[in-house]
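Q: Below is a structure I'd like to ask you about.
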Amino acid sequence: MKVALLIHHHQPSGNLEDGVRRAVEGAYRPILELLEMHPKLRVNLHYSGAILEWLLTHEPALLERVRGLNPRSEHLCSAIQEPLLALIPREDAVAQVGAHWTLLEKLFGVNARGFYLTEFAWEPHLPALIASTGLEWLPLPITQFAPGTESGVYTTEEQGKSVKLITALRPDLERPASRCLEGVRDLEGNDFVCIALNAEDLIGRTAWLSSLLGALIAHETVLLSEYIDATPAERLVYLPSANAPQAGTWRDALMMHPESGHLHKRAAYASSKLNAVFRVPEEAHQHLWRAQSSLPYWSAGVQLNYLRFNAYRNLIAAENILEPRKYAWLEITYRDLDLDGSDDVIVEAHTMNLFFNPRLGGSLTEFDYRPAAVNLLDSFTPPGSPYPKRSLIDHFLGAEDTTLKDFASGDYLELGDFTTGAFEASKYRDRVTLIRTGTVRGPNGVPVMMEVKKAVRLKHREGKLEIEYRIHNHGDWDVVTRFGSEWNFGLLSGESNERYYVIGGKRVGNLDAQLEHRNATEVSIIDEWLGVRIDFEFPRETLLWTHPVYSELSGVKQYQSSAVLPLWDLDVPKGRSRRIAYSLRVSPLER
């Protein structure tokens, strides 16, 4: 039997150093050692651009050992930063494939012909895209083909552009390796099988791989291009959209997680700006490609704050290269960024970017501080939360029956309908204004018509926002309540001693602190690692709540953000208005 062994190596852009090192020592190095012990075995390899870049910096000797497998190895090409191919613009996909092809030629002296599809996330339009890059074939799990399909080579096409497909088996690593191979031969009755392995799955399974390679000695191992050249395709097939493993489809992820959806549309917006300009520096495109790395866009990775942080950091870095920052400028535009049929408001300046979603509580979805290339508001909404964890969210709470503990747990009664209700947005010069007429529970729970008007003045030269609320009672009852304006700051770690709150000149706790401060007139958030400080100022004494926001992934708590909620007692007689104002300033931290 002819066997094509395919081993895929990948680390997401922005992965933690410990995670990469664990994969290298637990899988990548042992795989090479085993392959070197079997010099007659031929192997098909895929190393993504992100891991190749890491190895070039940290383990160049390991790359030399990979090169030493020539000519009994074949390298598959992909988009260099492993995006989900269907999620990114066509021009970016083609450019990423070209960059990876060039890197493989430089490092290993090969002319790649095969394509490795990230997460095997197939879409029917991909044949034309892949064929346009000059690549000829790709492996896909046999489970994505029609039931009863035999192992082999097939063709597929779209708009008259065709590529060849190789059926691949993804063995159960819980079964003995030799039995996996025997089962294929017995059940399929074919003389060819492609075995596809994910290198990360082999961490701690060196003995299993050793057993598999030992079993392969009894068979003819082949390189995929040579086998395809010598083997006529069985027939033409058309495959439906395929799921990313264990995560649902990428469409499911974008719908389920607003954070994935926003990041996807945000990356597309940055791409449109880069691709509209002639001769953009290559460095800007490299930042964009790193931001398109797949994991933050679907369920398996969106909860990992360091992957989202890396994506935003690279998007902002790309825009910093493209857009002038040597002089002061400010632009405010309407754009349906999330393509939901309603315009968002985008503020761009030399010091900051702000993205408002009027349709979702008039909230602030993103606040980029450009000097540090960081989205200060990057968070994740835990399942079951009553509203998305964004900022500039308006709360009406019962002063007597809602405590900080209740609010932090989400176990409280929201008296208004402003946290997720639609606002009307307008802009004028350096100001964005958002207005909603909704209801607030008044005496005995009676709904009272109230108008919330919030204006954000952008003092971009100072990195400052001036926020002013006008709350008007249009109802027939007086309203006595407590009003709050919530912010969520995603700064990677809540327990780090480098990130903390300061009130009245005193450090009062790290960002994982659940604290209540009465009569506050200011609060600062200090991030020594980023070198950034965020300063709130309140013209009058304010009740201040802070608490961390966590999600849970595989039973492990994941820090997502720190909520900061200034609160004011609010007494609004019928027909009257009340004004509330405060400011926020972001600046470099003085060392």
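Q: Give the lysines whose C-alpha is closer than 24 Å to that of Lys40, dropping any in the same chain fewer than 8 places away, or say none.
A: Lys2
Q: Now a separate question. Give me the Kirkwood hydrodynamic radius of the range 397-547 in Å, from all C-alpha pairs, to one decimal place?
A: Numbers: mean 1/r = 0.0570 Å⁻¹.
Its Kirkwood hydrodynamic radius stands at 17.5 Å.
Q: What is the spin-label model distance, in nm, from Ser554 to Ser342 if the labels are put 7 Å beyond Cα along the C-beta direction?
A: 3.7
Q: What number does the range 465-520 give for Rg over Rh if you use C-alpha atoms and the Kirkwood radius?
A: Rg/Rh for the range 465-520 comes to 1.12.
Q: State which entries of Lys389/Lys557; Lys273/Lys389; Lys106/Lys164; Lys326/Lys464 exceed 22 angstrom in Cα-Cα distance in the structure shown. Don't skip to the end; give the middle numbers.
A: On the way: Lys389/Lys557 17 Å; Lys273/Lys389 28 Å; Lys106/Lys164 26 Å; Lys326/Lys464 18 Å.
Over 22 Å apart, Cα to Cα: Lys273/Lys389; Lys106/Lys164.
Q: Also, quick follow-up: With each run of n ≥ 4 DSSP H residues scored as -39500 (n - 2.57), what mean residue ellipticity at 222 nm is computed for the chain after dividing by its residue count and rounding to the nearest 500 deg cm²/dmol?
A: Numbers: 14 runs with 149 residues, N = 591.
The helix-only estimate for the chain comes to -7500 deg cm²/dmol at 222 nm.
Q: Could you tell me which label, among (i) 41, 31, 23; (ii) 52, 23, 23; (iii) 96, 25, 17, carries the value of semi-axes √(5λ) of the Cα gyration tensor in Å calculated for this structure?
A: (ii)
Q: Please give every one of the aspartates and glutamates within straight-line cross-link reach of Lys454, meaning a C-alpha to C-alpha distance under 12 Å, and leave out same-chain neighbours fewer than 8 residues apart.
A: Filter leaves Asp394, Glu424, Glu466, Glu468.
Q: Given charges of +1 on the Cβ of Lys and Arg and -1 on the Cβ of Asp and Glu, with all other atoms neutral, how large is the dipole of the range 248-323 about its Cα centre, in debye to the nearest 20?
A: Numbers: 8 positive and 6 negative charges, 17 e Å.
Here the size comes out at about 80 debye.
Q: Of the peptides 403-412, 80-89, 365-374, how do they stack up when ordered by the mean number of other Cβ atoms within 10 Å, highest first? Walk me through the numbers on the way to the answer.
A: Values: 403-412: 14.9, 80-89: 23.9, 365-374: 21.5.
In decreasing order of mean packing, 403-412, 80-89, 365-374 become 80-89, 365-374, 403-412.
Q: Let me ask something additional. At 0.36 nm per residue, and after removing the present C-alpha to C-alpha distance, how many nm does the segment from Glu157 to His58 gain when stretched out fully?
A: Values: separation 99, 0.36 × 99 = 35.64 nm, distance 4.08 nm.
So the chain would gain 31.6 nm between Glu157 and His58.
Q: Placing unit charges on C-beta atoms (Lys and Arg positive, Asp and Glu negative, everything else neutral), compute the dipole magnitude of the chain about its Cα centre in debye, rounded to 20.
A: Details: 62 positive and 77 negative charges, 242 e Å.
With Lys and Arg at +1 and Asp and Glu at -1, about 1160 debye.
Q: Based on alpha-carbon positions alone, could you give the equivalent ellipsoid semi-axes of the range 40-143 from the gyration tensor, as √(5λ), descending, whole Å?
A: Numbers: eigenvalues 111, 49, 29 Å².
Whole-Å semi-axes of the equivalent ellipsoid: 24, 16, 12.
Q: How far apart, in nm, are the 7 Å Cα→Cβ label points at Ser426 and Lys506?
A: Label-label distance for Ser426 and Lys506, simple model: 4.6 nm.
Q: Assuming R0 = 60 Å, what is the FRET efficiency of Tyr269 and Ala207, from their Cβ-Cβ distance, to the nearest 0.05?
A: Working: r = 48 Å, r/R0 = 0.81.
Result of the calculation: an efficiency of 0.80.
Q: Between Thr333 and Glu282, what is the label-to-label distance in nm when each label sits 7 Å out along the Cα-to-Cβ direction?
A: Modelled inter-label distance: 2.8 nm.
Q: Length gain on complete extension for the stretch Arg457 to Ser132, per 0.36 nm per residue less the alpha carbon to alpha carbon distance? Intermediate values should be presented prior to the final figure.
A: Values: separation 325, 0.36 × 325 = 117.00 nm, distance 4.77 nm.
Gain on extension, Arg457 to Ser132, equals 112.2 nm.
Q: Let me ask you something else. What are the radius of gyration and Dmax of the range 248-323, computed over its Cα atoms and given in Å?
A: Computed over the Cα atoms of the range 248-323, radius of gyration and Dmax are 12.6, 38 Å.
Q: Here's another thing I want to ask about it. May I ask you to give the average projected area over all directions of the convex hull of the Cα atoms of the range 1-99, in nm² rounded to one decimal?
A: Details: hull surface 30.1 nm².
Spelled out: convex hull of the Cα atoms, projected over all directions, averaged, 7.5 nm².
Q: Using per-residue counts of other Cβ atoms within 10 Å, averaged over each peptide, order 72-79, 281-288 from highest down. Mind showing how you got there, number by number?
A: On the way: 72-79: 24.0, 281-288: 18.6.
Answer by packing, highest mean first, reads 72-79, 281-288.
Q: Please list, or write none, the lysines whose alpha carbon is within less than 18 Å of the alpha carbon of Lys453, excluding same-chain residues fewer than 8 places away.
A: Within the straight-line cut-off, Lys453 pairs with Lys427, Lys574.
Read the figures in this text as sums done on the coordinates, not as results from a lab. Note that the structure is predicted; figures quoted are calculated from it, not measured. Here Cβ is always computed from backbone atoms with ideal geometry, including for glycine, and neighbour counts include all displayed protein chains.
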